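The values are calculated or read from the model by the stated rules, or taken from the named source; none is laboratory data. Quick caveat, the model's predicted, so the values are computed rather than measured. Every residue, glycine among them, receives a Cβ derived from its backbone with ideal geometry; neighbour counts consider all protein chains shown. Side chains included, ligands, DNA and RNA excluded: accessible areas come from the protein's heavy atoms. Shrake-Rupley method; radii C 1.70, N 1.55, O 1.52, S 1.80 Å.
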Amino acid sequence: MQLQARAELDVARAVRFFPLATVRQARGNATVRLRLNGRLQDLRHRPTAAQASGELALRDVYLQLRDFRQPFTHLTGRLQLQGSDVAVPALSGELGNSDFRGRGTLRNVTRWLLQPGQPLRLEAVVASRLLDFNQLLYAYQPAATPSAGQKQGSTTKGDGLRVPASIALNLQTTAAQLRFRRLRGRTLRGTLHLQDRVFTSPGLTLLAAGGQVSVRGRVDVRQPQLVKASTVVGCQQVPLDSLFYVFEDFGQQFITQRHLRGRLTATAEVDSYFDQHLTPLTDRLEAEVHATVRQGELLNFEPMQKLSFLASRATLRHLRFAELQNRLYVQSRTVYVPEMDIRSNVKAASLIRVTGTHTFDQQMDYHVRIPLLPGLLPQVRAGAEGPMLRLAIQGNERDFTIRYERAAREPTAPVVAGPATGTRPSSASSAPRTTAAPIGPAAVAKPSFEIKKPVKKPAQPQTGEYFDF
């Protein structure tokens, strides 16, 4: 074949004259220059730049593709055919609410168009004013093919996050704004790769929720019904109330964005899974979070109102904290909080030590220790801790109790009554009483301000016996 052609096209008429199965509707104007010179077999498989060249100029083209929910609109730019590749010096347009403009190269285009299953690789630099991921994540929805046991015409369950297996990406992107559910981000920058339906990124940065967020890791979408994400997420100076608002209070109502103030700096290593609607599968979530909170405040938090014997209700309604640091763990739908020191503006409880667990079903088990003589702590640090007020907060977000605990819940009993004195039960049973006395039961000996009568305590893990990650 030897062909040289130049044409001014009405895209709508061109598609009607030469229909394409992948194009539902098209309109606009285009200019085509095409030169072909070679055997048809060579042109179909891997033509050289000398055998196939040309240029397609688009002017305000509308294109509705079969497997995309939203149409491409206002497509304007130039595409240059160079053998089996297409260079894109400039192209701009919109996909739904999102827009793009950029340049790049499409490799192996002719084989991808003419032979099903052939790979297509895009290398591009793209900028955008707005990326609306509420639409983009579900933009590509190929028609489902019924399985052997499925009736003709029926549809599969849900519209998963589907990515063509034949497409690979190497994308450098910037975006002025980003939207996803409650998230409103600005100044997105980073690099994104796609290979074999696995997204990877060495780093993406975003200004969101009043601070800066960075993400690196991989997202595996080979199974649209089960998406796996292994990421390292960092944030700098993010307001806590904005963070809880964006993530919809993390699916609980016990402590919400209206209760919190302060700025969070954190790093989290997260393995998470999502279903076809991108709903998190919390039973599979695992995370380790290193968090620092500065200028922290706790506002109108109901459990604190029950500690009115420590301070006035007005003070407890607005608690201020010094810098907090801790390492949290998430596994098996449970958040593990190792012991941490909290310094507050309450004089009677200027130092509070908290540890416990909080399940995703809102079952709480927190243990609080308040030194009754905080001024003596530096002097007794090398020895005993001094007298302590010990409290337990247990229950769920709507029905919880705050009760007193006895000193350390006999932490030495397993040691004394175990292998050390296995032949004398009487001495073993008396050992916890003799060893527990010096710990400081005098701190809770006077129940005059007791909120609730102590009940028989179930077995609890001791300090240092939390899950080892």
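Looking at the range 1-90, the accessible area is 64 square angstrom per residue; that uses a 1.4 Å probe and ignores ligands, DNA and RNA. Taking 0.36 nm per residue of sequence separation and removing the Cα-Cα distance, the Thr267/Gln223 pair yields an extension gain of 13.0 nm. Taking a Cβ cut-off of under 14 Å around Arg218, the surrounding Lys, Arg, Asp and Glu residues balance to a net charge of 0, with basic ones at +1 and acidic ones at -1. Take the Cβ atoms of Ala7 and Val198, set R0 to 60 Å, and the FRET efficiency comes out at 0.90. Could you tell me whether the range 1-81 comes out rounded, prolate or oblate from its Cα gyration tensor? Rule is a ≥ b ≥ c as square roots of the eigenvalues, rounded for a/c under 1.5, then prolate if a/b exceeds b/c, otherwise oblate. It comes out prolate by the Cα gyration axes.
Is the shape of the range 199-270 rounded, prolate or oblate, going by the alpha carbon gyration tensor and its root eigenvalues a ≥ b ≥ c, with a/c under 1.5 for rounded and a/b larger than b/c for prolate? Judged from the Cα gyration tensor, the range 199-270 comes out oblate (a/c at least 1.5, b/c at or above a/b).
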